[in-house]
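K.L.:
This is the structure I have questions about; it appears just below.
The values are calculated or read from the model by the stated rules, or taken from the named source; none is laboratory data. It should be emphasised that the depicted structure is a prediction, and the values quoted were computed from it without experimental measurement. Cβ sites come from the backbone with ideal geometry, for glycine too, and all protein chains shown count toward neighbours. What goes into the accessible areas is simple: the full protein's heavy atoms, side chains included, and nothing from ligands, DNA or RNA. Shrake-Rupley method; radii C 1.70, N 1.55, O 1.52, S 1.80 Å.
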Amino acid sequence: MENGVDGYPRGVTASNTVPLGLPALRSAPPADPSRPADPRLVDTFGRVATDLRISLTDRCNLRCTYCMPAEGLDWMPREEQLTDAELMRLITIAVRDLGIHELRFTGGEPLLRKGLEELIAASAALEPRPDISLTTNGIGLARRAESLAAAGVNRLNVSMDTLRPERFATITRRDRLSDVLDGLAAARAAGLNPVKINSVLLRGMNDDEAADMLAFAVEYGYELRFIEQMPLDAQHGWERSEMITAGEIMERLSARFTLTPDGEARGGAPAERYLVDGGPARVGVIASVTRPFCGACDRTRLTADGQVRSCLFARTETDLRALLRGGSTDAEIAETWRIAMWGKLAGHGIDDPGFLQPDRPMSAIGG
Ligand code: SAM
Ligand code: SF4
């Protein structure tokens, strides 16, 4: 594909890249002659992105304290959000032309996106058929689990940080724990296996519940994963010293269980996995802050308004929506996506003194 006068692929200009915060970097650098003629999403560190995380909406029906403020956020105007047709065009390009073989739908709360089952079914019909997963807070899952499984969801992650209703209401600012528990049970009954539970531990709030959560997950056949709290909340309230570290999580779990590394190759998976009391039950710890796994990262991200992000913590984005709406060809869009990923940084640098939190909160990026 030819480049324009400014070095961007035709259709891509500095004006349709979106710099987020400082320093303002151009998000789609000029085509680099050192980039190999590889159709996949390779970067300068030899990583290949094969896992696409798609945020379907920035809206949510919970208000988790580590994610967004009580009053919610200024939601993305509808017209800025990709339509189903636009989204399916990008997903098709990703799977057909860029070597993506895993899709994870997330948000915001993905169950709030109208037509979710249709999007999943259309994704499942692509060749080669991608693996499809969903990360949800579980509200409304009880009545959707079967239709989601029928549409083609292979695996599901449900977020739940506590087993105590009053704590759930404090953490999420909504009294909905029983909905989440019903959703989990429905997902298991619908044959979505494994059903994983994502938990964030907060100091002084639910960090005494780590072992109870694991006992619950083992008893009911869910796979629990603890996620270190990351600086991605809209309120910028994260403090390193307040975060419960992976080391602390292991300590709390080891007081009741014997944990041994499961010995399986981790690949690009974020979770370190352990057998619980010899197995077969497993538990995962996602130590994004204290033991970052950027060196093996295989992810590329698409926001609900059509911006490609090479990392959760990226401070620049590449605007594919402008290309979609400006009449670009599939080949031009694919090449722009490749260039955006070629410029992916080595790591997120949360522990660097100069770390700057991205302007977009987790709920608008897609976790
Ligand atoms: N609403 C859905 C849910 O909660 O599962 C999907 C989106 S949510 C942003 C995805 C995951 O990110 C959830 O498991 C949530 O607990 C996690 N998360 C949100 N904010 C986080 C933060 N600041 N640090 C670590 N994980 C976070
Ligand atoms: Fe909503 Fe998920 Fe954020 Fe909680 S973590 S407020 S459920 S987007």
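K.L.:
Farthest toward the dipole's positive end in the range 43-365, which of A121, I132, P353, given Cβ charges of +1 (Lys, Arg) and -1 (Asp, Glu) about the Cα centre?
P.N.:
Farthest along the dipole direction, towards plus: A121.
K.L.:
Taking the Cα centre of the range 186-243 as origin, work out the dipole magnitude from +1 charges on Lys and Arg Cβ and -1 charges on Asp and Glu Cβ, in debye rounded to 20. Walk me through the numbers before you get to the answer.
P.N.:
On the way: 5 positive and 10 negative charges, 61 e Å.
Charge dipole of the range 186-243: 300 debye, to the nearest 20.
K.L.:
Each residue of the range 172-179 in turn: what ³J(HN,Hα) in whole Hz from Karplus with 6.51, -1.76, 1.60 and θ = phi - 60°, glycine and Pro shown as x?
P.N.:
Karplus values, whole Hz, x for Gly and Pro: 9, 6, 9, 8, 10, 4, 5, 4.
K.L.:
Can you tell me, using C-alpha contacts under 8 Å and at least 6 residues apart, the relative contact order of the chain as a whole percent? Working shown, then result.
P.N.:
On the way: 736 pairs, mean separation 90.1, N = 367.
Once normalised by length, the contact order is 25 percent.
K.L.:
Then there's this: What number, rounded to the nearest 500 deg cm²/dmol, is the helix-based mean residue ellipticity at 222 nm of the chain, given -39500 (n - 2.57) per DSSP H run of at least four residues and division by all its residues? Spell out each step's value before the answer.
P.N.:
Values: 10 runs with 94 residues, N = 367.
Result for the chain: -7500 deg cm²/dmol, rounded to the nearest 500.
K.L.:
Quick one: compute the contact order of the range 277-367, relative version, from alpha carbon pairs under 8 angstrom and 6+ residues apart, as a percent. If you can, show how the numbers build up before the last one.
P.N.:
Values: 74 pairs, mean separation 27.9, N = 91.
Reported as a whole number, the value is 31 percent.
K.L.:
Kindly express, to the nearest 10 degrees and within the range 0 to 90, the angle between helix 84-97's C-alpha long axis and the longest C-alpha principal axis of the chain.
P.N.:
80
K.L.:
Can you run phi through the Karplus equation (6.51, -1.76, 1.60; θ = phi - 60°) for the range 150-160 and list ³J(HN,Hα) in whole Hz, with x for Gly and Pro?
P.N.:
5, 6, x, 5, 8, 9, 9, 10, 10, 8, 7
K.L.:
Let me ask another. Just to confirm my understanding: which cysteines in the chain have no other cysteine beta carbon less than 4.7 Å from their beta carbon?
P.N.:
For the chain, the answer is C60, C294, C297, C311, because their Cβ atoms have no other cysteine Cβ under 4.7 Å.
K.L.:
So what is the relative contact order for the range 202-247, in percent, with contacts set as C-alpha pairs under 8 Å and at least six apart?
P.N.:
Relative contact order for the range 202-247 comes out at 43 percent.
K.L.:
Now a separate question. Accessible area per residue for the chain in Å², computed with a 1.4 Å probe and the full protein assembly in place, what is it?
P.N.:
Numbers: 14940 Å² over 367 residues.
Here the residues of the chain average 41 Å² of exposed surface.
K.L.:
Can you give me the pair-distance distribution of the chain, C-alpha pairs, 10 Å bins, whole percents?
P.N.:
All Cα pairs considered, the percentages come to 5, 24, 34, 25, 9, 2, 0.
K.L.:
Tabulate in residue order the Karplus-calculated ³J(HN,Hα) for the range 116-125, using 6.51 cos²θ - 1.76 cosθ + 1.60 with θ = phi - 60°, rounded to whole Hz; enter x for Gly and Pro.
P.N.:
Karplus values, whole Hz, x for Gly and Pro: 4, 4, 5, 4, 5, 4, 5, 5, 5, 7.
K.L.:
Would you work out the charge dipole size for the chain about its Cα centre, treating the Cβ of every Lys and Arg as +1 and the Cβ of every Asp and Glu as -1, and quote it to the nearest 20 debye? All intermediate terms of the calculation are to be shown ahead of the outcome.
P.N.:
Values: 43 positive and 52 negative charges, 56 e Å.
Dipole about the Cα centre, nearest 20: 260 debye.
K.L.:
Of T316, A334, S363, whose Cα points farthest to the positive end of the dipole of the range 43-365 (charges on the beta-carbon: +1 Lys, Arg; -1 Asp, Glu; origin at the Cα centre)?
P.N.:
Value: A334.
K.L.:
Now for a separate question. Of all accessible surface on the chain at a 1.4 Å probe, what whole percent is carbon and sulfur?
P.N.:
Numbers: 7960 of 14940 Å².
C and S atoms contribute 53 percent here.
K.L.:
Shifting gears a bit: If you scale each eigenvalue of the Cα gyration tensor by 5 and take the root, what three semi-axes come out for the range 32-149, rounded to whole angstrom and sorted largest first? Before the final figure, lay out the partial values.
P.N.:
Details: eigenvalues 161, 69, 36 Å².
Working from the Cα gyration tensor, I get semi-axes of 28, 19, 13 Å.
K.L.:
Same structure again: Using amide H atoms built in the peptide plane, which far-off residues or other-chain residues are under 5 Å from S159 H to H?
P.N.:
Correct list: T136, N137, G138, N198.
K.L.:
From the P(r) of the range 203-247, can you give the percent of Cα pairs sitting at distances over 18 Å?
P.N.:
Here the tail beyond 18 Å accounts for 40 percent of pairs.
K.L.:
What accessible area, in Å² to the nearest ten, does a 1.4 Å probe give for C60?
P.N.:
30
K.L.:
Quick one: helix 210-220 against the long Cα principal axis of the chain, what's the angle to the nearest 10°, folded into 0 to 90?
P.N.:
90
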